[in-house]
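One structure below.
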Amino acid sequence: MEQYRFYDLRAGRGGEEIDILFPGWQAGDERLMVLSPHDDDALLGAGYAISAALAHGAEAHVCIYCDGSAGYSVPEDRERIVAVRREETYTAYGLLGLGPEHVHRLELPDFSANQYLGWKLASGGYGVLQTLLPLMRRLRATRLFVPNGYREHLDHEATYDSGRYDGVQVGDPVLVDLGAPYPLRSTAIYAVWGDLSPEDALLHGAPVDIRANRAIVADYAVEQTLARGLAAWRSQAQIIEGLLAARRERDCGMGMLEVYTAFDPRPRLDYGPYVRLVRNLAQSDATG
């Protein structure tokens, strides 16, 4: 098994236990779904998480939202870029250990994913929920990774919104003709190239330059495998050249670093603090 070390950056602890990243990990019964705005985003931002999950016996799936139709760098590629990228995608994820049956495509047009959010569209057609819900229920996904929704890209933000809202519906007793509900066990955000939202750091009183709350340090061999996968997108060489160069910043001397923000997509409203505050205010009024 490739070596991975997992970190809870808020609790200040690390170890080789994968449940630091995936709490309540159930060996032999785990399926990771990574929502990817474009074909290469999941590998760029969550490649170590995918690799670690596979190394610990889980299934892993990638759901690609956009068709890649805008990703051509020379006009001559315009009509063939979608087909070219599709084949490059299967090659890239195959090098990581994911067969074609683990790579799912929604084929939304680039720079347009936000127009397809939700269930029923104003145009009369169906949105992403109609496809994502039965897919995740059929696969019985237990873990969900969604892309960074903070200032990265219109399609990244749309995929993030789809994941954080549609993901929890997978386990709800709604639209049951689209599959038996199967609840997720955890959800996390991965960054493709932009900084994460400072929300979690602000809520926990942490330095705002430490915005992620989870991390993996992976062996250099893992990065070498991912590099071969990323190189498979030959059509995207110009577009992701800077992102590939920036990966050198991940080297922490013990291996390569990847960070995430674990979050609760449906936080419960705790009335306790409000009740205590109102009681204190009422006491002050009574004694004042």
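Quick notes on this structure:
- Rounded to the nearest 20, the Cβ-based charge dipole of segment 161-216 about its Cα centre (Lys and Arg +1, Asp and Glu -1) stands at 220 debye.
- Beta bridges per DSSP with both ends in the chain, % antiparallel, nearest 5: 50 percent
- Gyration tensor (Cα) of segment 4-287, equivalent ellipsoid semi-axes in angstrom: 33, 24, 19
- Mean ellipticity per residue at 222 nm, deg cm²/dmol - from DSSP H runs of n ≥ 4 across the chain, formula -39500 (n - 2.57): -11000 deg cm²/dmol
- When the Cα atoms of segment 86-134 are aligned to their principal axes, the ranges along those axes come out at 40, 24, 12 Å in descending order.
- Distance from segment 119-153 to segment 159-195 (C-alpha centre basis), Å: 7 Å
- Placing unit charges on the Cβ atoms only, positive for Lys and Arg and negative for Asp and Glu, gives segment 76-205 a dipole magnitude near 520 debye about its Cα centre.
- Across segment 165-275 the C-alpha pair distances fall into 5 Å bins from zero in the proportions 2, 9, 13, 15, 15, 14, 13, 10, 6, 2, 1, 0 percent.
- Summing charges over neighbours of ASP110, with a neighbour being any other residue whose Cβ is under 10 Å away from its Cβ, gives -2 when K and R count +1 and D and E count -1.
- Dividing the mean sequence gap of close Cα pairs (under 8 Å, 6+ apart) by how many residues segment 4-287 holds gives a relative contact order of 22 percent.
- Evaluated with a Cβ-only charge set (Lys, Arg +1; Asp, Glu -1), the chain carries a dipole of roughly 600 debye about its Cα centre, given to the nearest 20.
- Highest mean first, the peptides 184-190, 75-81 sorted by other C-beta atoms within 10 Å per residue fall in the order 184-190, 75-81.
Every number here is computed from the coordinates shown, using simple stated rules; none is lab data. Please read all numbers here as calculations on a predicted model, not as lab measurements. Here the Cβ is made from the backbone with ideal geometry for all residues, glycine too, and neighbour counts use every protein chain on show.
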